[in-house]
């Protein structure tokens, strides 16, 4: 009974596990599943539609038109010195990626309850796959953005892509990490009230982010409340994003570093908490 | 061989009822208890898992203090009535949910088939779903590719492999799903009752496969089913779950009768409705019992086991030419046997009559009984459907071995005398 060979167990299932054991090796083993899930999301998205992946363009395109009309022309909010559609599209593209990640990851337990309830695999795979498949979508929308830049550059508008473009992969990573880190929101499954709060909260948060106005405008006009916008991690990401591609935007290296630190913390806390509750969460969905 | 699964004091508590406003205060209470290092108040008030009895608290122990070990290469059946904790146990073993207290240690990879086609996406083709499902079960892409032909072959749905699975029949769905799981190279295979949808041929194939992996590959199989014949076919040992605890564990042949006794909806004893004027009529029967030939009451009778029916009756006033008779109907109410006692003159008093059947072998199924009491061929009490008994498809060890099949067969299984000998050619 007590021979050493006997005690050589591969897995031990206990009520609580080490919260900092992120099971990275397990996740790595399931990397093929990640790829297949991304593919599944993508394929099932355009199945039985006529326009197919064209839908990826339609939403940002029309949103840009509406914003240009309402915020740009009707409300007359200044957009630095950029062409209005380009200014809005930059904000919308980046914001959409973040908000898609957030809403998808927040409902990860409810939408996958059937799957999670029947078979084990590292749960982190699913939110990861959501972040990646949103990345595909983001990539497609980015093409639209590039087309617009090209269009305005030819027209001779005030657009200056610059060396800060190199920050782009880093910004992308930050957004993905933030979206994933907000997996905390997935813990809302037990109390559904919080899922309403998220759907609603994300709309409000957009107005605290520099999607429809530049940071410089807030600084000038609402200097008392500017911290609300400035401390929002998405603000410095979008500002840096705009600056890199278009040559207008307000961001400093310290602010970007502070944002990075904040996001890293959110990601860490999010993943650790997720890891802690994933094991019994199916019981309360 | 050594154990591959070892459970120690394994328990799982579930919260009953809805999660609502009351829950948050209790969550805070639990949190506070944890912070201050006290015992979880939530778990103290747990009750034994009995779905039929209304409890006081809203916490129930779905599993309570389970201790067991399962050896490598063993095929273990898990049996028990609905809500006995079988599926909860499988869920913990397949790592879907964590135990509340206690622990389980495992060796090797686990393939669990708690449901067929978990993660199948209706829009994707059979082929794409094989890859997706295989990956969900923990296979690498290369591994699936290597086994792809084998999987398709086993499933027998080759023709539809490029069609979206939403166009599949439920049987084809199961076939494909089981085929994927069966080809996973795991040391432990966990199968919940999922095969019910497949046709007889496929069910047989799956059971064969499961028996095979246990016997030849040295893999361990855990199998939940209510189909005792299937359990009997592939499992040597069983764990009998009863109200969240292990009721009994060990050799199939020893445990099964206990299980049948405790879970059968069949009764062994039936009260016979009394006629209105029972005190004034000549005689009446008031109780009927199904028994084995030793006189122990029994709810389900294994095929081939001798049984008897005991009827309790009372003679109010002296009855001449008294006859007690019993009829047996099958499930579609075809009368297959009628038996009369020899006419007799009976004095007043309480009597018992035993109808013993040690001759005919009834096929598995449920049979209903008709009871009649008469004197001078005049019926005094006649009750249709007075009781019923079940012949189960578990077979008695002494069953004649020429009886090779117990389903879709005739009602009476007694072998005829069959002689085979050389003959002359008379085909012209």
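The values are calculated or read from the model by the stated rules, or taken from the named source; none is laboratory data. From a predicted model like this one, the values you see are computed outputs, not experimental measurements. Note that we place each Cβ from the backbone using ideal geometry, even for glycine, and neighbour counts take in every protein chain shown.
Which of the following residues is surrounded by 20 or more Cβ atoms within 10 Å (Cβ to Cβ) and modelled with pLDDT of 85 or more: B:176, B:184?
Working: B:184 fails: modelled with pLDDT of 85 or more.
Result: B:176 is the single residue among B:176, B:184 that is surrounded by 20 or more Cβ atoms within 10 Å (Cβ to Cβ) and modelled with pLDDT of 85 or more.
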Residue B:28 vs. criteria surrounded by 19 or more Cβ atoms within 10 Å (Cβ to Cβ) and either more than 30 Å from residue B:236 (Cβ to Cβ) or at pLDDT 85 or above (or both): no
Among (1) modelled with pLDDT of 85 or more; (2) out of contact with any strand residue (DSSP E or B) (no Cβ under 8 Å at 6 or more places or on another chain) - the single one residue B:311 does not satisfy: (2)
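Give the number of residues within region B:271-296 that are in a strand (DSSP E or B) and crowded, with 18+ Cβ neighbours inside 10 Å. Steps first, answer last, please.
Of all residues in region B:271-296, those in a strand (DSSP E or B) come to B:271, B:283-292.
From the residues that got through so far, the ones that are crowded, with 18+ Cβ neighbours inside 10 Å too are B:283-285, B:288-291.
So the count comes out to 7.
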Out of A:256, A:228, A:167, A:171, sole residue that is loosely packed, with under 15 Cβ neighbours inside 10 Å and not in a loop (DSSP other than H, G, I, E, B): A:228
Residue among B:144, B:188, B:136, B:130 that is in contact with a helix residue (DSSP H, G or I) (Cβ under 7 Å, 6 or more places away or on another chain) and more than 9 Å from chain A (Cβ to nearest Cβ): B:130
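Applying the selection to region B:88-107, what residues are within 7 Å of chain A (Cβ to nearest Cβ), touching a strand residue (DSSP E or B) at 6+ places or on another chain (Cβ under 7 Å) and either buried (at least 21 other Cβ atoms within 10 Å of the Cβ) or touching a residue at least 24 places away in the same chain (Cβ under 8 Å) (or both)? Before you say what the answer is, go through the steps one by one.
To start, the set of residues in region B:88-107 that are within 7 Å of chain A (Cβ to nearest Cβ) comprises B:92, B:94-101, B:103-107.
This time we only want the ones that are touching a strand residue (DSSP E or B) at 6+ places or on another chain (Cβ under 7 Å), so: B:92, B:94-95, B:98-101, B:103-107.
Correct list: B:92, B:94, B:98, B:99, B:100, B:101, B:103, B:104, B:105, B:106, B:107.
Checking the structure you have, find out if any residue of region B:108-117 is assigned to a loop (DSSP other than H, G, I, E, B), more than 27 Å from the chain's Cα centre (by Cα) and either farther than 26 Å from residue A:45 by Cα or within 13 Å of another protein chain (Cβ to nearest Cβ) (or both).
In the first step, residues of region B:108-117 are kept if they are assigned to a loop (DSSP other than H, G, I, E, B); the result is B:108-109, B:114-117.
Restricting the remaining residues to those that are more than 27 Å from the chain's Cα centre (by Cα) gives B:108-109.
Checking which are either farther than 26 Å from residue A:45 by Cα or within 13 Å of another protein chain (Cβ to nearest Cβ) (or both) leaves us with B:108-109.
Within region B:108-117, one or more residues are assigned to a loop (DSSP other than H, G, I, E, B), more than 27 Å from the chain's Cα centre (by Cα) and either farther than 26 Å from residue A:45 by Cα or within 13 Å of another protein chain (Cβ to nearest Cβ) (or both).
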Test: residue in region B:383-402 that is assigned by TED's automatic domain parsing to the domain that holds residue B:310, more than 28 Å from the chain's Cα centre (by Cα) and surrounded by 16 or more Cβ atoms within 10 Å (Cβ to Cβ): yes
Helices (runs of 4 or more DSSP H) contained entirely in region A:45-121, each with at least 3 residues that are in contact with a helix residue (DSSP H, G or I) (Cβ under 8 Å, 6 or more places away or on another chain), surrounded by fewer than 21 Cβ atoms within 10 Å (Cβ to Cβ) and modelled with pLDDT of 85 or more: A:55-67, A:84-106
Single residue of region B:74-86 satisfying the filter (surrounded by fewer than 24 Cβ atoms within 10 Å (Cβ to Cβ) and at pLDDT below 85) that is nearest to the chain's Cα centre (by Cα): B:81
Residue count, region A:200-221 (criterion: over 14 Å from residue A:236 (Cβ atoms) and touching a residue at least 12 places away in the same chain (Cβ under 8 Å)): 6
